[in-house]
Structure formats: structure tokens, C-alpha cells
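Enquirer: Handing you this structure, nothing more for now.
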Amino acid sequence: MSTDQASVNDMTADNSTAAPEAASANNNNRKGSRMTLWIMVILFALPNIAAIYFYLNRDSIDLSRFSTNYGTIVSPVRQPGDMPLKTLDGSDFLLSSMQGKWIMVSIGSSRCEQDCRDNIYKMRQIRKATGEFYKRIERLFFLTDTVALDDFKTLMQDYRGMEVVLPGEPAEAYRDYLSVFSLNGEDVVDGIYFIDPLGNYMMAYPKQAEAKKILKDLMRLLKVSQIG
């Protein structure tokens with residue numbers, strides 16, 4: 001056999017060996033790529049799946065044990081229900097009329113000193129900062145008295161869109177109604193509270209809570225929730 005012919009035979013043998021090896025390597029690469037893709041999908045999906053699960057099962061799970069929220073999760077959630085009340089303009093009001101929306105609630109005196117004014121401002125700015133979600137959010141303020149009602153009405157001219165509710169009668173029943181927002185017997189005045197679209201009181205913030213951190217919690221809730 002000539003030298004040239006031997007070289008050709010050697011090349012043919014090398015090629016016949018290399019082809020299956022190349023095909024096997026390509027298959028392994030494709031399998032590796034698919035595996036990487038699935039791992040990425042699982043890693044990105046798990047937090048959302050967990051969040052949805054905990055939200056849907058919030059009545060039976062002590063969510064505060066797993067919470068990374070800034071606010072205090074109310075567990076189990078509470079439903080304030082309805083008490084016939086009047087708004088600042090004299091219209092009838094029931095809390096259930098806001099059902100289907102996320103509600104930011106605050107409670108305070110008509111004197112509305114600094115913490116009260118800060119809350120009213122924060123609630124407006126937080127709602128604006130939610131961007132495309134802002135229509136899913138309402139703001140509600142429960143007055144505890146009417147001693148400076150005219151001054152409060154003047155203040156509210158800069159915060160149109162916030163529903164303000166006058167104290168109900170009898171006074172003791174109204175105090176009891178607002179006490180649902182107290183988690184451990186603390187004063188509810190000048191806190192900020194969240195009610196979900198199903199009417200559940202589910203998160204609380206104390207006086208002087210940081211607006212940016214409240215916003216972060218709210219954005220998480222809006223993204224996870226498919227209601228409201």
C-alpha cells in the first residue's frame with residue numbers, strides 16, 4: 001500500500017471516530033443548557049410561588065414567623081367589618097364600599113399634629129410611587145374627634161382623594177370599632193394600616209414608620225396579589 005493511501009485510510013478512521021464523539025458532545029451541551037434553563041426557572045419562580053401560597057393561606061399560617069416585611073403582619077388577619085359612619089362631606093360611609101381595593105388607613109385627631117400630617121403626606125406619596133398600581137389603592141382616615149374640624153378640612157384641601165370619616169356614635173362603639181387595629185393593646189392613633197381587597201386588616205406600621213419601607217412592602221403585595 002502506498003504512503004498516500006495509508007494516510008487517507010488513517011484520516012478516514014480518525015473522522016469516523018471523531019463524528020460520534022462530536023455528536024455526543026453536542027448532545028451533552030444541549031442537555032446541560034436545558035438543565036441550566038430549568039434551574040434558573042425554578043430559582044426565579046420559587047419566591048413567587050411561596051409568596052402566593054402564604055398569601056392564600058394567611059388565615060391558617062402564622063405568617064409573622066416567615067416575614068421579611070418592614071410592617072407587622074396581622075396573623076391571623078382580622079376583618080373590621082362595617083359600622084355606619086359619615087364622611088367629611090356628610091355622605092354615608094361603610095368600609096365595605098371600598099372592598100376590592102388595597103386600603104391604606106390612618107387614625108387621628110382633627111387637630112392633626114406633626115405625626116398625623118406626616119402620615120397623610122406619606123400615604124399620598126406612597127400611592128403615587130406605586131406607578132401603574134396606584135388605581136388599586138385607596139386612602140382612608142378615621143377621625144377620633146371633631147374639636148378642630150374646620151382646620152382639618154382646610155388641611156385636606158391639599159390631599160384630595162383621601163376618604164375622611166367622622167367619629168361614629170355611640171362613642172364607645174366607635175372606639176371598639178377602631179380597636180381592631182390595635183395588635184397588642186397599643187394606641188392606634190397615628191399608625192398606618194393595610195386592609196386587603198377582601199376586607200382583611202393584614203399589616204400594621206407604628207408611628208413615624210419609614211415611607212420607603214412601607215412602599216417596598218406594598219409593592220410586594222401588589223405584585224403577588226391577583227385581586228384588587
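Enquirer: Does residue 124 meet the test of being more than 12 Å from the chain's Cα centre (by Cα) and basic (Lys, Arg)? Before you say what the answer is, go through the steps one by one.
Expert: On the way: more than 12 Å from the chain's Cα centre (by Cα): yes; basic (Lys, Arg): yes.
Here the answer is yes, as residue 124 does meet what is asked.
Enquirer: Something else: If the Cβ limit is 7 Å and pairs must be 6+ apart or interchain, which residue in the range 153-168 that is under 13 Å from residue 124 (Cα atoms) pairs with which residue that is surrounded by fewer than 17 Cβ atoms within 10 Å (Cβ to Cβ)?
Expert: 162/156; 163/87
Enquirer: If a residue must be acidic (Asp, Glu) and assigned to a strand (DSSP E or B), how many such residues does the range 71-103 contain? Give the steps one after another, and end with the answer.
Expert: Looking only at the range 71-103, we keep the residues that are acidic (Asp, Glu), and these are 82, 89, 92.
Still in the running and assigned to a strand (DSSP E or B): 92.
Summing the residues that are acidic (Asp, Glu) and assigned to a strand (DSSP E or B) in the range 71-103 gives 1.
Enquirer: Further question: Surrounded by 15 or more Cβ atoms within 10 Å (Cβ to Cβ) and farther than 28 Å from residue 226 by Cα: does that describe residue 110?
Expert: yes
Enquirer: Answer yes or no as to whether residue 117 is surrounded by fewer than 21 Cβ atoms within 10 Å (Cβ to Cβ), touching an Asp or Glu at 6+ places or on another chain (Cβ under 9 Å) and of a type in the set (Lys, Arg). Give the derivation first.
Expert: Values: surrounded by fewer than 21 Cβ atoms within 10 Å (Cβ to Cβ): yes; touching an Asp or Glu at 6+ places or on another chain (Cβ under 9 Å): no; of a type in the set (Lys, Arg): yes.
The answer is no for residue 117.
Enquirer: To continue, here is another question. Give me the residue from the range 104-160 that is among the hydroxyl-bearing types (Ser, Thr, Tyr) and out of contact with any strand residue (DSSP E or B) (no Cβ under 9 Å at 6 or more places or on another chain) and, out of that set, farthest from residue 189 (Cα to Cα). Before you say what the answer is, go through the steps one by one.
Expert: Keep residues of the range 104-160 that are among the hydroxyl-bearing types (Ser, Thr, Tyr), which gives 106, 109-110, 121, 130, 134, 144, 146, 154, 159.
With out of contact with any strand residue (DSSP E or B) (no Cβ under 9 Å at 6 or more places or on another chain) added as a condition, the list becomes 121, 134, 146, 154.
On the way: 121: 16, 134: 25, 146: 15, 154: 21 Å.
Here the answer is 134.
Enquirer: Looking at residue 144, is it loosely packed, with under 12 Cβ neighbours inside 10 Å and among the hydroxyl-bearing types (Ser, Thr, Tyr)? Before you say what the answer is, go through the steps one by one.
Expert: Details: loosely packed, with under 12 Cβ neighbours inside 10 Å: no; among the hydroxyl-bearing types (Ser, Thr, Tyr): yes.
Judged against the criteria, residue 144 is not a match.
Enquirer: What about residue 171, is it among the small types (Gly, Ala, Ser), in contact with a helix residue (DSSP H, G or I) (Cβ under 6 Å, 6 or more places away or on another chain) and surrounded by fewer than 20 Cβ atoms within 10 Å (Cβ to Cβ)?
Expert: On the way: among the small types (Gly, Ala, Ser): yes; in contact with a helix residue (DSSP H, G or I) (Cβ under 6 Å, 6 or more places away or on another chain): no; surrounded by fewer than 20 Cβ atoms within 10 Å (Cβ to Cβ): yes.
No.
Enquirer: Let me ask something else. Could you look through the range 171-228, keep only residues that are acidic (Asp, Glu) and either assigned to a helix (DSSP H, G or I) or touching a Ser or Thr at 6+ places or on another chain (Cβ under 8 Å) (or both), and pick out the one that is farthest from residue 86 (Cα to Cα)?
Expert: 217
Values in this text are rule-based calculations from the coordinates and carry no lab data. Keep in mind the model is a prediction, meaning the values are calculated, not measured. Quick reminder, even Gly has a Cβ in these numbers, built from the backbone with ideal geometry, and neighbours come from all protein chains shown.
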